[in-house]
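J.: Questions regarding the structure given below will be posed in turn.
The values are calculated or read from the model by the stated rules, or taken from the named source; none is laboratory data. None of the values given here were measured: they were computed from a predicted structure. Reconstructed Cβ throughout: ideal geometry from the backbone, glycine too, with neighbour counts over all protein chains shown. Each accessible area value is taken on the protein alone, full model and side chains, heavy atoms only, with ligands, DNA and RNA left out. Shrake-Rupley method; radii C 1.70, N 1.55, O 1.52, S 1.80 Å.
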Amino acid sequence: MSSWQCLIQVRWPNVRSYLAVVMLSLLTGCGSDLVTQYGANEGYYARQSINGFTTFRDSFDHAGFDSRGITRLTERTRKVTSIIWTPSELMAVDQKTVRWMDRWLQQGGRTLVYVIPDSGSRSDYFRQLRSQAAPDQRLEYRRKLGESLIDEHRAQYFHSPVIVGGWFVATPRVQQTVVSDGKDTTSNLSWVADDGDNQPVKQEWVIESLPEASNQTASQTVTVTTSQGLSTNQTVASPPQPKKAGLQFSSLVETAKGETVLAQLTADNWHHSQVFVVASGSLLTNYGLTKPSNRHLAERLIEQCKQIAIDGEAIDEQDRLTDNGNLPQVGFVTASDGLPVSSRVDEIPRATGAESLTQFPLVLVTFHAAVIGIVFCLMLFPIFGRPAKVDRGTLTHFGDHLDAVATLMYRRGGEAFARKRISEYMRRVRGETHGPWVVNEPVDHTVSPSASSAPTGRPQSPANLPPQSQANHSDAIELDDDSVADRSEAIEQTNRPEEQR
């Protein structure tokens, strides 16, 4: 579980221990990997971001709500009892979304919490850790703090008043101020924590009610005061939007100058439905909820969402469930200028595209075509798989010839016969007399007496030999003829096919 998630889930006696864990994670998790994505309320990066709203969303789940994301306004979305709108940019809301929200609020027991986006908590993060970092890292934290302040001032310079939904006007007013409960609070409910440690907080926007005129023009000129005390004239950037009839504006939390930073909007035809506007989104972010005063504000918003649903009979007061026995749903919206609206069509829906195949009379053809397709698939795959490929080899591979010759030589006389044939080939064809494949033939050292007494020089012919020598020479010729015949027979038997042998 992330260190942000448990901040609202605990009671006050356990807050200090969880804050220690949070500060340890901040000290070990800062640097270039710091995630500052604003507005997201689900996903990995939203949980790691100091400007995410995952902790605020998880607090609704632990308070007995069923949270979900909303990307389109449909009939199903009308069943949610509360909507938390955290846009990433402050822009005018389109009229279709405003009308849908107005009809949704008229159901009774509905709560809309609109959180005005600001520059986030990046500068507060580095400002707090600068004094707690190691001495060799403080200079780096000062540099990062300066960069974050420059980015904030650049974004704040281009802020201009915006009319949101015909409900209120968000006016830029950068300041460090102490907040307190507003003068328009009708109940005894306190929105500011009474812990004796009311420190100044950063505020970039203030909330103002729309004038009583039917339309608010875009050319209205207002005076904006920056944190340096400079005053500039700016015009309203939003298009003209009519103010809702019978809208009542109440200031719940104000600054020291009486400017509203938390407003409550009600109307006569909303039937116990209300709209809460929070002027600073950094109060409810993952990092903002590490402060007790911001946690107190979040708890009050959650309690009001549930109490309004009970007063409007959207949920039962005893079991805190809806009429169908489910938990009350709360939807989170991150769009800036509005959401697409899916309205109900009164005319009879007509089948289009592939749906026309299911309508009469094409459904009769579709059924038969489906049966024929199934039969065709069974014909193509009778064994429900592809047959395996058998390697049958090649007939022209030279290795097969060598295997055949080696087999014949082995059957003829074994290794000795094969070596003898190779040696004979080396001697006769290649003319080698020695080598690894040349076998030394045995030499006959017996010498006949006539041969030893014969003078050296020209060899004698058989006619000049003695009668006994001529007989021996004839026998030798006959032996050579026999050996040649035996050798020819062996070669023919080797070359003869195996079936004939």
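J.: Determine if segment 295-315 includes at least one residue that is part of a loop (DSSP other than H, G, I, E, B), crowded, with 18+ Cβ neighbours inside 10 Å and within 36 Å of the chain's Cα centre (by Cα).
T.: There is no residue in segment 295-315 that is part of a loop (DSSP other than H, G, I, E, B), crowded, with 18+ Cβ neighbours inside 10 Å and within 36 Å of the chain's Cα centre (by Cα).
J.: Considering only residues that are open to solvent by less than 30 Å² (accessible area, probe 1.4 Å) and over 40 Å from the mean Cα position of the chain (by Cα), look in segment 267-282 and name the one that is nearest to Gln199 (Cα to Cα).
T.: Ala267
J.: Out of Lys420, Lys389, I need the residue that is more than 22 Å from Pro436 (Cα to Cα) and either open to solvent by 90 Å² or more (accessible area, probe 1.4 Å) or under 49 Å from the mean Cα position of the chain (by Cα) (or both). Which one?
T.: Of the residues listed, the single one that is more than 22 Å from Pro436 (Cα to Cα) and either open to solvent by 90 Å² or more (accessible area, probe 1.4 Å) or under 49 Å from the mean Cα position of the chain (by Cα) (or both) is Lys389.
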